[in-house]
Each structure stands twice: as structure tokens, then as C-alpha cells.
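As C-alpha cells, the structure follows; a few thoughts come after it.
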Amino acid sequence: MRKPVYHVYVTQESQPDARGEKNTYWTKVGVAFAHNGKPGLNIVLIPGIAVSGRLVLLEPREESDISQDSAAA
């Protein structure tokens, strides 16, 4: 099976808190694969999910990078 070129996320900004700061929430909604030998992408969304707003494509990270980010948070 091919590996995805990108992970697809929907982002949503929270309302400002008492200090006026906003948080951005990221929800993974699918993956994107490159076409075979042609420009373009196929985006595959998780079945049954409703998507609206901004879609963000990010390159997948190595598992070791993800675990380090989680530990730092």
C-alpha cells in the first residue's frame, strides 16, 4: 500500500480568552496521495465525517517526531 503524501486536517479557531488569545484546534479528516505519474492529488476523507472551513495539508512526520512533540506539550 502506498503511503500518503499529506495528512488532511480541518482547523478551527477558538473564541478569544480573557487575555485575547485564541487557540487553533486541528482535526485529522483524511489523507492525500499523489497521482501516478501525473500532477495532482487524490484526497481521501474519513467516511461519515462532515467537513467545512479550511483544509490544511501537512507532510506526514516520522513517528519519532510525533512522540517528541507529544512529550514537549
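Figures for the structure shown
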| read-out | value |
| --- | --- |
| Failed condition for His35, given (1) at pLDDT below 90; (2) open to solvent by 80 Å² or more (accessible area, probe 1.4 Å); (3) more than 14 Å from the chain's Cα centre (by Cα) | (2) |
| In segment 55-73, the residues that are surrounded by fewer than 10 Cβ atoms within 10 Å (Cβ to Cβ) and at pLDDT 85 or above | Glu59 |
| Residue within segment 13-25 that is open to solvent by 100 Å² or more (accessible area, probe 1.4 Å) and either within 10 Å of the chain's Cα centre (by Cα) or at pLDDT 90 or above (or both) present | yes |
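The values are calculated or read from the model by the stated rules, or taken from the named source; none is laboratory data. Owing to the predicted nature of the structure, the values given are computational and were not obtained by experimental measurement. So basically every Cβ, Gly included, is an ideal-geometry build from the backbone, and we count neighbours across all protein chains shown. With ligands, DNA and RNA removed, areas are computed over all heavy atoms of the protein, side chains included. Shrake-Rupley method; radii C 1.70, N 1.55, O 1.52, S 1.80 Å.
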